[in-house]
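Down below is the structure, laid out as structure tokens.
The values are calculated or read from the model by the stated rules, or taken from the named source; none is laboratory data. Just so it is clear, the structure is predicted and the values come from calculations on it, not from any experiment. Here the Cβ is made from the backbone with ideal geometry for all residues, glycine too, and neighbour counts use every protein chain on show. Calculation scope for accessible area: heavy atoms of the full protein, side chains included, ligands and nucleic acids excluded. Shrake-Rupley method; radii C 1.70, N 1.55, O 1.52, S 1.80 Å.
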Amino acid sequence: MTPVLRICHLYPDLLNLYGDRGNIMVLAQRARWRGVDVAIVEVTLGGTAPSDADLYFLGGGEDRQQRIAADDLAARQGGPLTDAAAAGAVVLGVCGGYQLLGRFYRPAGGGDLPGVGLLDLWTEHPGAGSPRLIGNLVVQPAGDGPALIGFENHGGRTYLGPGARPLGRVVSGFGNNGRDGGEGAVAARVYGTYLHGPLLPKNPVFADRLIREAMERRYPGCELAPLPEVLEEQARASVLTRTGRPAGA
Amino acid sequence: MRIADAEHAAAPRGAGPRGEERVRPRLTAAIALGKATATLSRALGWGGGTTVPGRVARVVEPNVVALLSARLRLGSVVVAGTNGKTTTAHLLAHIMRARGRSPVHNRAGANLAAGIASALVAHADVLGRPRGDLGIFEVDEATVPRVVPAIAPRTAVFLNLFRDQLDRYGEIDAIAGLWRSGGAGWARDLGVVANADDPLVADAVRDLPGRLVPFGIEDERHGRPALEHTAEARYCYRCGTAYVYTVTYFGHMGRWRCPGCGAARPEPEFTACDLAPLAPDGSEFAIRERETGGVARVRTVLPGLYNVYNVLAAVAAARSLGVPLDAAAAAVASFAPAFGRAERVLVDGREVRLLLVKNPAGFNEVLRVVLSEGPLPVVLIAINDRTADGRDVSWLWDVDAEMLVGRATRAVVTGLRAGDMALRLHYAGLPRDAIEVEPAYDHALRRALDLAAGGRLYVLPTYTAMLALRAVLQRWGVVRGFWET
């Protein structure tokens, strides 16, 4: 029987600011190119996320859209997401979606946005006069693997609690808060990051890791055949050149 | 409209205290220095001198924009919006020239304060007397609140708002907010020509002072079945309820209303209807004016629905300056596209068509135009990530590049971020061997011309990639410098 990867895309019409749907395209195509069927469920306002997907994705949105999504997410999806994560599903949040996986987001003008608390972290906006953290971002992931490459554009600064560790160390750019050198967060299979660009097209090793972890639960020992990465390498090289890093770093 | 015979009248404030033409030594120095800078810039091959002269002049006389624009006898028009500013401003200038007017115009698309100052300096003598009688200025969307009070326009045109250069602007809502709050210092008799089909624009301008002149398309045959992925305005800006669209044209343009608070598309004063697209070679439609009941038929070489909006906006602005509807519509027919916006160039007898792409909504519309001709052997796409392009190329993933699959045999990609475009095309479903990455602009152009095999070649560049490709075409001797066009 053909294996199936079940993806749940949360609030695609609200959290879609920086080409975030590219992450879904990459997960789906890279799975299909390995002969894996892909089923994508989109959940938006008023809907309820299934608790049996293999991978959940939340992108980023403008402040207004993020607030609309945050209330619905906390009220309706916290349960299914927490259950799924506890059962070993992969959860990936990017930018605004990353912030909402934490405990809360505190905007400049007050009025906290609730998070779902899957990651032990919080985010605060330091005030209307503070610059947004914008630019190309290169991150060396914790453990092993090639640098993660993308672009960041966020006003909020994120701080990790003891229950989460950074996804990696900033090589070039700002990362979580522009101060402690950490970028993103991970706890078990829940991932959050400020890397868009979008994240996955230029980071195929990370994309495959997510697919493998998402499928492992129902297809133990599943292997993903290697794919040619020529275009990926060209795209990575252009960012590394523009951030002053040698290609291949 | 109540401007039936305003065509030959000076702007109301033209003879007022701001319009006085006494000699101002500081202004004279600013103009002289600005002009010298422009000459030097061209002599040194730094480019057309479309922004630096204005920057220099503003250092010497910070009020140079206000002082010089106040001396334009017929006042000024400003054009703002994400897409279509340059085309709309050029169209309006073309219409006004056909009426014997002499517009002062930041025609090379230099639309920040320095670019507007440069245009004013270039079109004035050293005593500050304008060579021209009417200002037509395209204004960067975020620069609107700073520049509009200085220009004190008779008419302000608001075209649309789409996600664009988020690395610079942060958020689209921030731009809408700037427009919304910008009105305090604006003239009470301002004509506000605004796109009724864009709820973001309609909401941003609704409380501006002056007279609202909405424009929109009404031809449901050209509607799309659903909101596109690039739609920005899905939820009401006043109450947060999801908008209901009875028809959408592209992006979030359409007939919208909010079932929550009752906000709705304003009734257009100028309507485009009875549309007959001649894409990729233009379109034909009727423009209806509500108040007078006038109707005029328009034919334009500008392709796509997005250009129907640009034509409507230019005609509405011309009407606000007193031009008869028939005359405005007739002038549109003889308009040739501007600088990389559906511009046509001949290379060894073969046609190259440049269609600027800046953001997902515009890119999608350009793809629709390009592919309306039928299957193509090749397209050339050139993506840069310099400041003027937007440093963040993630927007490429919001483009519906899937349209190309099965309809373009090959894609040649170039520019600083050719790799990102190549990846986007590949994930859209184009096979790897159908995508050629060619970093050098001239090689890419040559290769694409070869693949086009004598047929028309479509080139889709971002802004600075367009400048680079035009520089190649200029070296080949087929186009002129952008400051000369």
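Once the Cβ-Cβ distance of B:A242 and A:R132 is raised to the sixth power relative to R0 = 35 Å, the FRET efficiency obtained is 0.80. Annotation: Cα Rg of the range B:343-395 relative to the compact-globule expectation 2.2 N^0.38 Å equals 1.30. FRET efficiency for the pair A:A86 and B:D281, taken as 1/(1 + (r/R0)^6) with r the Cβ-Cβ distance and R0 = 45 Å, rounds to 0.15. Buried surface for the B/A pair, taken as the accessible area of each chain alone minus that of the pair with a 1.4 Å probe, is close to 3400 Å² in total. Rg and Dmax, both from the Cα atoms of the range B:341-475 and both in Å, are 13.2, 37.
Other chains' Cβ within 10 Å of B:432-440 residues: what's the mean? Write out the running numbers ahead of the final one.
Working: counts 4, 0, 0, 2, 0, 4, 0, 2, 0.
That works out to 1 on average.
Note: the range A:91-141, Cα convex hull, 92 Å³ per residue.
A viscosity of 0.692 mPa s and a temperature of 37 °C, combined with the Kirkwood radius over C-alpha pairs in the Stokes-Einstein formula, give the protein assembly as shown a diffusion coefficient of 122 µm²/s.
Taking 4.7 Å between C-beta atoms as the pairing limit, the protein assembly as shown has these partnerless cysteines: A:C8, A:C95, A:C222, B:C273.
The DSSP beta bridges internal to the protein assembly as shown are antiparallel in roughly 45% of cases. Rounded to the nearest 0.05, what FRET efficiency do B:D348 and B:R55 give with R0 = 51 Å and r taken as the Cβ-Cβ distance? Could you check? E(calc), rounded to 0.05, equals 0.80. Per-residue ellipticity at 222 nm from helix content only, as computed over the protein assembly as shown with -39500 (n - 2.57) for each DSSP H run of at least four residues, stands at -9000 deg cm²/dmol. Shape analysis of the range B:22-332 based on the Cα gyration tensor places the equivalent ellipsoid semi-axes at 34, 21, 18 Å, largest first. For the range B:105-211, the fraction of C-alpha pairs farther apart than 25 angstrom is 23 percent.
Among the residues of B:387-394, the average count of other protein chain beta-carbon atoms within 10 Å of the residue beta-carbon is 5. Taking a straight Cα-Cα cut-off under 13 Å and skipping sequence neighbours fewer than 8 places away in the same chain, the aspartates and glutamates within cross-link reach of B:K35 are B:D125.
At 37 °C and 0.692 mPa s, what whole-number value in µm²/s does Stokes-Einstein give for the translational diffusion of the range A:87-190, with Rh from the Kirkwood sum over Cα pairs?
On the way: Rh = 13.8 Å.
Calculated translational D: 237 µm²/s.
Take the Cα of B:M403, step 7 Å toward its Cβ, do the same at A:T2, and the gap between the two points is 2.9 nm.
For the range A:195-207, backbone phi angles converted through the Karplus equation (6.51, -1.76, 1.60; θ = phi - 60°) give residue-by-residue couplings of 6, 10, x, x, 4, 7, x, 8, 10, x, 5, 5, 4 Hz, Gly and Pro being listed as x.
Counting charges near A:A185 (Lys, Arg +1; Asp, Glu -1) among other residues having Cβ under 11 Å from its Cβ returns a value of -1.
Starting from a Cα-only point model with no solvent, please compute log10 I(q)/I(0) by Debye for chain A at q = 0.11, 0.12, 0.17 1/Å. Per q value, in the given order, log10 I(q)/I(0) is -0.53, -0.64, -1.31.
With semi-axes defined as the square roots of five times the eigenvalues of the C-alpha gyration tensor, the equivalent ellipsoid of the range B:402-452 measures 18, 13, 7 Å, largest first. Here each label is just a point 7 Å from Cα along the line to Cβ, and for A:C222 and A:D37 those points are 1.3 nm apart.
Inter-part distance, the range A:139-215 to the range A:62-106, computed on C-alpha centroids, equals 17 Å.
Quote the Stokes-Einstein diffusion coefficient, in whole µm² s⁻¹, for the range B:162-259, based on the Kirkwood radius over alpha carbon pairs, a temperature of 25 °C and a viscosity of 0.890 mPa s.
Details: Rh = 14.4 Å.
Answer, rounded: 171 µm²/s.
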